[in-house]
Structure formats: structure tokens, C-alpha cells
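Only one structure is covered here, and it is reproduced in the block below.
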């Protein structure tokens, strides 16, 4: 059975969310056949299982998109304390803790699903969709033609599959996840590009045809990284159940997900008898364009097996400034190694580049 070696890890996850399981599956090679075994994915809701069985081609695109998300996340955070690395996909820390990093990977994954499905539609890999709609605005110096990436269908499928488990819940974590999923898809949509091709004799551009494409996945991940750095910490109001920006002093980790009163009070007590909160709640709603998170990030400096946090001991850093941050004040050890690399390269007719092999002494630094 496909992916059976991943079952023990799936059973370990106590919060079942289908697309998180697919991030684990994304690290395994997809079968070469067109058959996609939906029953091998434990934890799918009834609607998700139906969607999977009726759209096997789209589900392959989903799995490929999530593999891209894992790879890009690790690239974007390769030099930071949290480097998006875990034994399985994104790991469990981001499931258990509603942190800034969790906000990033939810948005990245939702957008990556849309990205992959949109491109698969344009390539004719999904029977239920084709080329994307052409823009309505008239073009001045070119003709709208070609096959655009179908982001409309990609976003629709992402909402139907990724968001479905969150929409059944009413808690603040679900509201956070849905908010960040939407941000990921919006960032992708706002980054759509126009790609053109010239037609004419000897490379001339007598006629130019253009179509719309999604950005490269690395560009999308970089744009989201900017959102990550500006993410807003929020809470949920007990009365309206809406996300609002949280103001210091920050609520403690024991008051997860929602602003709790400092002392217990009677249900339905008059408003003037309710105790004051230990911190102030702003009246500012969370910005729909920003990533949001509920909890402070965990300590990524030290090993935390429960949450699959590997710590930073033994991590390589490039320079003093980076090492000071990455090594969490513990310092670093320096090692010297001889590395062989191409040198004195020259072009020889025709048509080959020949190089010598040279050795270079390289200094490497590793966190203590």
C-alpha cells in the first residue's frame, strides 16, 4: 500500500488536518501511475475523501504543490533558528503552537496548492479544468492569447480541500488558519505576471501574444516571507469572536488562543461586574492582508522532541553576525577543510569548457 511507512507518524498527530498529512506525504515519491490511492491517507473528512476520489489528477497536483512548499520553506529559513526542517514535512510544532511560523506555513501551503493546481490546469493535466480566463481589459500593443494558468480553479480547489476542516470549527485557531490561508492565496493572485511571445520573421515582433502566469514558487515564498516578518499578533474577542490585534503586555502561553479574564466570573454577569483583562484589547481588527498568529514562538535554540524542534547545536553559520544569532549566545567552533573546485576554466573550440581542479582552504563555523 502506498505511503504505509508514514502511518505511525500520522497516528501520532492528535490534531487531524488533511493537508498537513499531505505535507508528510510530499516527502515520499509519488507513484508513477495515474492511480492515486485516497484511502491510504488517514484522517480525511468525508468531504475531503469524496473530493480526492473524484479528482485524483488534482490531488496529485496538491501533493506536488505541498512538496514545493516544504522545499521553499526550508530555503527561505535556511539561515534562521527555525529552518523549517523536521523529520516529516513541516513537523508537529506548527500544529501544536499557533505561532508566527505556523502562520507562514499555512499561507505558503494554501498558496502552493493553488499554484500547482493552476499550472496543472494550463498543462492539461486535470480533466475538469483548462486554461485560465483571459483578462477583460483590452491590450494596447499585444493580443491576449495562449493558455493562462488557471488560478481561479486553483484557488477554488484550495479552498474546497484545504479550508474544509477549519470551517467546521469555531475556535480561534481555526479562525487564524483560515485567515492565513486566504492571505496566501491573495499574495499569489496579486503576483500574477504577464508572459509574452513575439511572432514574426527572423525574430521580429510583428505580433505579440501574451497570457497570465503565476509567479515562480520561490518568488511567492519570498513575498510571503515579508508578510511573515510583519505578522500581527492577535486574539479573539469573547463577545464577537473576531480576530483583533493584541497589545502588550502579551498574554501568557497558559492562556492559549483566547483572551482570558484575570479572575473567574459568573456566566451572564452584568458587564460592569466583569473583571478587567490582564492586558488591553485593541479595537483594531486584524488586517486582511497580513499574516496573523496567536502565540509567541517557542524556543528554537534548544531541542524539543515533542514538537520536533531540533535546536541549533551543530548548525553551520556563515559569519560572526549570523553565528551570534543562530548559535543563541553559545558561541561556535571553527573548522578548516580543503575543498576541491573547478578553476582556470577556458573555452575550447568547439564547443567545450575545460577546467583544472584546484584545492582551497575553507573556514566553516558550527554552533556549539
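The numbers here are math on the coordinates, done by the rules we state, and not lab data. Because the structure is predicted, anything quoted here is derived from the model rather than measured. Glycine gets a Cβ as well: all are built from the backbone with ideal geometry, and neighbour counts include every protein chain shown.
Observations
- The orientation-averaged projected area of the convex hull spanned by the Cα atoms of the stretch 324-368 comes to 4.4 nm².
- The listed peptides 182-190, 314-322, ordered by packing as a protection proxy, come out as 182-190, 314-322 (highest mean of other Cβ atoms within 10 Å first).
- In this label model, residue 193 and residue 168 are separated by 3.9 nm, measuring between points 7 Å along each Cα→Cβ vector.
- Modelled label positions at residue 321 and residue 344, each set 7 Å beyond Cα in the direction of Cβ, lie 3.7 nm from each other.
- As a rough footprinting exposure proxy, the listed residues 283, 325, 165 were ranked by other beta carbons within 10 Å of their own, and the order from fewest upward is 283, 325, 165.
- Footprinting exposure proxy ranking of 338, 144, 349, 211, fewest other C-beta atoms within 10 angstrom first, gives 349, 338, 144, 211.
- Which of 66, 125 has the fewest Cβ neighbours within 10 Å, and the rest in rising order: 125, 66
- Between residue 140 and residue 361, the modelled label-to-label distance comes to 6.0 nm, taking each label 7 Å out from Cα in the direction of the beta carbon.
- Computed extension gain for residue 201 through residue 225, at 0.36 nm per residue and net of the alpha carbon distance, reaches 4.3 nm.
- Length gained when the stretch residue 46-residue 299 is fully extended (0.36 nm per residue, less Cα-Cα span): 87.4 nm
- Rounded to the nearest 0.05, the FRET efficiency derived from the C-beta distance between residue 208 and residue 337 at R0 = 35 Å is 0.10.
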